[in-house]
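Inspection log for the structure reproduced underneath, given as structure tokens.
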Amino acid sequence: MSKKTKYSLLILVMFVFALFVAFQNKHLVSASTSIKYLSGYAWSSNIGWISFSGVTTPPLYEVTYDTIDGILSGYAWSSNIGWISFGCGQFDGNTGRKLCSEDMNGADPVYPPATNGVTQSGPTVVLDASGNGRLVGFARACSVFKTGCSGALIGDAVDPDHSFDLGGWDGWISLSGNTSESPANHYGVNFNSQSSQLTGFAWGGGQVDSSANIIPAINLSPQSPGWISFYNDPNTSGSGGGSIAYGVKIQDKRSSISTVTCDKSPYPVINVPVTWTSTVVPADVGQYRYEWHAGNPGETDPTDYHVVGGLTNSILNITYNKVGPEITYVTVTDAVGNKVGECSTDIGSTGNFDVRDKDFAITNTGDLSATFITGGGIVTLTYSTDVDNPMDINISSEGGYSDPVKLAFVRISKFDSATNSYISYSGTNGALIVEPQFTNDTQTTAASTITLSSIGGVYQDASLRLRLTKNQDSVQPLPSGDYNVIIDSVDSAGNPGGHQHSITLHLNNPTGSVHEI
């Protein structure tokens, strides 16, 4: 072979390689720019909001659309039924990875069986000549599985048709089809290329029968979404209904994923002001509308609070006036009325919790000790670590309320194993005369009661010392050993407040008698 021929072959190989590289680059660019993103919320009257992109646990989720093959992939999220899987088993054109965790072994997804010779498929977007289109195929709710989003369904072993466990519904959500009515009515989710908006309804409340109709489950379980609305304009009829504008769009770029967080402080206690705070993170430019909902479940006319304003947060101050179940949550929409999110500080989006009665806890550090002195001493003072250090008593509110707490001495008693009960050694006829001495920084003079106040949400501490005198008129013996010192809160009238607290007293009485030697 001549040098000229070799040179010509080398030029040809290089040209072919260049074409191959150019093709690969073009293909990669096409793949990287073919992915679009679904964002926004759909609505089900059974399970509430369904989000198509956001941050939860795991941190990031979204449903994507590949414009080359029309495939939908990824997950949507419902706070009531959890993950909803789109396009399991399909590859992400950018990474080549499987988008659904249940297909880590590379197995194809199992969609509903073929009907009338038509094989069912994963969810896709089918476009017409004008660029508009519709969604076809099925998504699936992961809540019907025993674990994760694959494998055995709930009740497989004892209830193969799932009629009891799942209300006849096995998790499939049809994006288009015909109802079982006669004549059959078509339903589906449509796509408008001009507005990028998805409209219409999907159906997630029944199974597919032999005629490819969607049969509603007789007993819809809480997991069944039923009709799912993809768009609502409060100013027009025939959409999802309700007063809030919402919808799902297909966008060229991944949307700025914002979450709505909530917090309340203190925990709701009857007749104590509670501050709720809602925040959008990260915040887009523009105003948000925060619509607060609060009221007792079951009330015919629950109170609604509507708060508007703030770039990133909103504050609601509310006082609950009765003990029992309450409901408080917030729905956030953006400047043009699209729903951003909804949350409460409790499980789910309904914000159910119990308002508590006012309550607090009494604790102490260490024990009390006292020794009667043989040979004439009739009075002794209790002490903790040493004679000069009284015991500390601490108050902590449960629920964050801050009303003053008044403490008083109740009695000293000792457990009697013979009678399996406590015997009181203090009181009118007791073996001990007890004079409680409460003090703290603001009450320097010892007194039989003490009132502790909350300062900046933290209660004052108290010191306790008991002045013990042997009762010469009592015939009760006073043995050495451990006694229970009971203190309690009292109300303004001096009645017991129901917060009894026991402190251990180590008493050493060498004679065991109440009479002096």
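Residues in region 403-427 that are of a type in the set (Gly, Ala, Ser) and assigned to a loop (DSSP other than H, G, I, E, B): Ser417, Ala418, Gly427. Selection of region 464-517 for residues being in a loop (DSSP other than H, G, I, E, B), surrounded by 14 or more Cβ atoms within 10 Å (Cβ to Cβ) and not polar (S, T, N, Q) yields Leu478, Pro479, Gly497, His499, Val514. Within region 153-174, the presence of a residue that is surrounded by fewer than 17 Cβ atoms within 10 Å (Cβ to Cβ), modelled with pLDDT of 65 or more, in a loop (DSSP other than H, G, I, E, B) and more than 27 Å from the chain's Cα centre (by Cα) is excluded. Tell me, please, whether a residue that is modelled with pLDDT of 80 or more, part of a loop (DSSP other than H, G, I, E, B) and either in contact with a Phe, Trp or Tyr (Cβ under 7 Å, 6 or more places away or on another chain) or among the acidic types (Asp, Glu) (or both) can be found in region 117-131. Yes; the residues of region 117-131 include at least one that is modelled with pLDDT of 80 or more, part of a loop (DSSP other than H, G, I, E, B) and either in contact with a Phe, Trp or Tyr (Cβ under 7 Å, 6 or more places away or on another chain) or among the acidic types (Asp, Glu) (or both). May I ask you to verify whether Thr345 is outside the structural domain of Val458 (by TED's automatic domain parsing) and either crowded, with 16+ Cβ neighbours inside 10 Å or at pLDDT 90 or above (or both)? Considered against the rule, which asks whether it is outside the structural domain of Val458 (by TED's automatic domain parsing) and either crowded, with 16+ Cβ neighbours inside 10 Å or at pLDDT 90 or above (or both), Thr345 comes out as yes. A Cβ distance below 8 Å, combined with a sequence gap of six or more or placement on separate chains, defines the contacts here; from region 492-503, residues that are touching a residue at least 40 places away in the same chain (Cβ under 8 Å) reach residues that are of a type in the set (Ser, Thr, Tyr) in the pairs Pro496/Ser489; Gly497/Ser489; His499/Ser489; His501/Thr363. Restricting Ile50, Ile68 to those that are assigned to a loop (DSSP other than H, G, I, E, B) and modelled with pLDDT of 85 or more reduces the list to Ile68. The residues of region 390-422 that are free of Cβ contacts under 8 Å to residues at least 12 places away in the same chain and among the hydrophobic types (A, V, I, L, M, F, W, C) amount to a single one, Ala418. When Gly400, Gly430 are checked against the criterion of being assigned to a loop (DSSP other than H, G, I, E, B) and modelled with pLDDT of 85 or more, Gly430 stands alone in meeting it.
This table checks each residue for (1) more than 29 Å from Asp66 (Cβ to Cβ); (2) at pLDDT 90 or above; (3) of a type in the set (Phe, Trp, Tyr); (4) surrounded by fewer than 14 Cβ atoms within 10 Å (Cβ to Cβ).
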{"residue": "Gln197", "(1), (2), (3), (4)": "no, yes, no, no"}
{"residue": "Ala212", "(1), (2), (3), (4)": "no, no, no, no"}
{"residue": "Leu220", "(1), (2), (3), (4)": "yes, no, no, no"}
{"residue": "Pro225", "(1), (2), (3), (4)": "no, no, no, no"}
{"residue": "Ser229", "(1), (2), (3), (4)": "no, yes, no, no"}
{"residue": "Ile250", "(1), (2), (3), (4)": "no, yes, no, no"}
{"residue": "Lys253", "(1), (2), (3), (4)": "no, no, no, yes"}
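In region 354-367, the count of residues that are at pLDDT 70 or above, among the β-branched types (Val, Ile, Thr) and under 30 Å from Pro510 (Cβ atoms) is one or more.
The values are calculated or read from the model by the stated rules, or taken from the named source; none is laboratory data. Note that this is a predicted model, so its numbers are computed, not measured. Cβ atoms come from the backbone with ideal geometry, glycine included; neighbour counts cover every protein chain shown.
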